[in-house]
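Let me begin by presenting the structure, written as structure tokens, before commenting on it.
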Amino acid sequence: MACKPAPDATQHVPGADAARGREAMARVGCGACHDIPGVWPKGRVGPPLTGFAHRSLIAGRLPNRPDILADFVRDAPRLVPGTAMPAMPLTEAEARDVAAALYEAGNG
Amino acid sequence: MGDALAGWPPPVLDPAGPYAGSVTTLAWILFAMGVLVTLVVVAALWIALFGGERLRARVGGTKAIWMAGIAFPVVVLTGLLIYGLTLTGNLTAPLRGDEMRVRVTGEMWWWRVAYLGRDGQTLMLDANELHIPVGQPVVLELETSDVIHSFWVPRLSGKLDMIPGRTNIMRIQADEPGIFGGQCAEYCGGPHALMGFVVVAHAPQDFARLMATRRRPRPAPVGEAAAGARLFETAGCAACHRVAGTSANGMAGPDLSFVGSRRSLGAGILPNNRGTMTGWIGDSQAIKPGNRMPAYPVLNANELRALAAYMDTLR
């Protein structure tokens, strides 16, 4: 699973590291709200992020592109006002790692 | 994982203070003796199976049985018992009486923390996290309000059960500032495995500053947090949770007076930030199935955000 290429070249996140992204997700606790393959726990407040590479939209609003996804996981309220998802304590580099990890995550 | 949860499970045999130190030393000595005795027994077995006739006769002789089978264990085990009791004497030595005291009460599946005064009066309530100054013993009065739990912070001391109707005394001490993970070590039903604990050891002046900050009245929350504070009262959170200095005085669930400053959420299992707080309030049952806080699917995004913002101000 770890070496599976992103199904779409447009979802490649240059310089990002999916393994570091998974660590960052565990460190900030993304699993408290989301079901993400390989991440504990399996929260239900937010949508499951399984098969995220095949999702067309982020939060039902934004095109699913790496740069937008990296911005969104770091500061969701700025891009989608009114969302329950708060800004998360991630650096820009970590957010890109998280985006890479989400694209790499399978269907759990 | 957050800093409080790094290195899970809590490392054993890595003492950070004198009480864990004596337990660790004893553990290594018992382990070494166990290895030695195992080697001798295996050697004797090997001789009995494959040794020459004379050697075999000696291993099976009356003298060998008296010496190695009776005298040796009696001498070694008696010596170990005396040594072990002497070594771990610091765990049971009489108290000086002027130690900092904290009552920790096991609950299904979290820990109630009460900082006590000299006369045993409650000075401050908290939950799931304990702050101590370094370099001095802290006396814990371990109790339970339901089933048997076991308090275990491996780097600071051994394990001690929390038994209904009893108060068990444990000492902990950290020699350096740091964060030390703990875990309930006696199966207590349902999410027992998700019943963690965090001890934070501070330099004495930092500890004094923290306690002084906590005693100061808090400014009223503003903006989103103010909306969260109102919701906390109206949505019924206050029926189970207490927030010092407000009318919220529920005692069924963890005290939230300082929840915003906690390293972890859900009793030592999740990092604590607005995101995890949102997920916990919205549906803690998905995170820690069976815990006694219900899921709140009735709360909308604005309400969840407001509550998380309010929790963040409780420091």
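The residues of the range B:84-140 that are among the hydroxyl-bearing types (Ser, Thr, Tyr), touching a helix residue (DSSP H, G or I) at 6+ places or on another chain (Cβ under 9 Å) and within 26 Å of residue B:262 (Cα to Cα) amount to a single one, B:115. For the structure I just gave you, tell me whether residue B:226 is at pLDDT 95 or above, more than 13 Å from chain A (Cβ to nearest Cβ) and farther than 24 Å from residue A:89 by Cβ. The answer is no for residue B:226. Answer yes if at least one residue in the range B:205-218 is assigned to a loop (DSSP other than H, G, I, E, B) and crowded, with 20+ Cβ neighbours inside 10 Å, and no otherwise. Checked the range B:205-218: no residue is assigned to a loop (DSSP other than H, G, I, E, B) and crowded, with 20+ Cβ neighbours inside 10 Å. Any residue in the range B:228-235 that is within 18 Å of residue B:306 (Cα to Cα) and of a type in the set (Lys, Arg)? The answer is yes, given that some residue of the range B:228-235 is within 18 Å of residue B:306 (Cα to Cα) and of a type in the set (Lys, Arg).
The condition of being within 30 Å of residue B:164 (Cα to Cα), of a type in the set (Ser, Thr, Tyr) and touching a residue at least 60 places away in the same chain (Cβ under 8 Å) holds for only one of B:92, B:105, B:24, B:88, that being B:88. When residues in the range A:18-45 are screened for being assigned to a helix (DSSP H, G or I), surrounded by 21 or more Cβ atoms within 10 Å (Cβ to Cβ) and touching an Asp or Glu at 6+ places or on another chain (Cβ under 8 Å), 3 of them pass.
If you go through the range B:271-315 and keep only what is aromatic (Phe, Trp, Tyr) and at the interface with another protein chain (Cβ under 8 Å from one of its Cβ atoms), you end up with just B:280.
All conditions in (1) more than 9 Å from chain B (Cβ to nearest Cβ); (2) crowded, with 21+ Cβ neighbours inside 10 Å; (3) at pLDDT 95 or above; (4) not in a helix (DSSP H, G or I) hold for residue A:48, with the sole exception of (2).
The values are calculated or read from the model by the stated rules, or taken from the named source; none is laboratory data. Keep in mind the model is a prediction, meaning the values are calculated, not measured. As a convention, Cβ positions derive from the backbone with ideal geometry for all residues, glycine included, and neighbour counts pool all protein chains shown.
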